[in-house]
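Have a look at the structure below before the remarks.
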């Protein structure tokens, strides 16, 4: 399954031997470390039948399958919102506790999630890591890239009820409807 060179035995006075994984330094009992080692190996015998992703453990597969079944076993005691993973519930509870441990050094704005700080920092740096595959435009957020790429797909699901024009994004339908037809936009989707 794995070679002895992947593990290093630590000094221990107890009858339970502890070892640590050389790749990441995780320490645990040798049986637990054998399970952990699978995470670093290429062996992933547990396959999702829905999306073909593979996992090194049955637990990893079970945890992943919650995305497909929409099973949400973890419920917030403050607002009753449910989550499919405990880590998502814990992250959500930071909002109720108003704990914002991630602070921007440029403007002192604080965030409850490191990913939100990372996204915010792009505003200061001007970084645009999400590049369009079809043209030379780049975006600071993946959601903006996805919205832009619809333009290249020539899919126009938003139909104007007053004329024959169609649009790839609802916002453009609304602007045209207000400017051209002087009416409130109806979001008529054809697909």
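The values are calculated or read from the model by the stated rules, or taken from the named source; none is laboratory data. Quick caveat: nothing in here was measured; it's all calculated off a predicted structure. So basically every Cβ, Gly included, is an ideal-geometry build from the backbone, and we count neighbours across all protein chains shown.
A few comments on the model shown:
- Total residues in the stretch 110-134, condition loosely packed, with under 14 Cβ neighbours inside 10 Å and at pLDDT 90 or above: 8
- The residue that is modelled with the lowest pLDDT, counting only those in the stretch 42-81 that are touching a strand residue (DSSP E or B) at 6+ places or on another chain (Cβ under 8 Å), surrounded by fewer than 14 Cβ atoms within 10 Å (Cβ to Cβ) and not in a loop (DSSP other than H, G, I, E, B), is 58.
- When the stretch 135-162 is filtered for residues that are surrounded by fewer than 11 Cβ atoms within 10 Å (Cβ to Cβ), under 24 Å from residue 119 (Cα atoms) and at pLDDT below 85, nothing remains.
- Of the helices (runs of 4 or more DSSP H) lying entirely inside the stretch 86-191, those containing at least 1 residues that are within 30 Å of residue 63 (Cα to Cα) are 86-97, 114-125, 142-153.
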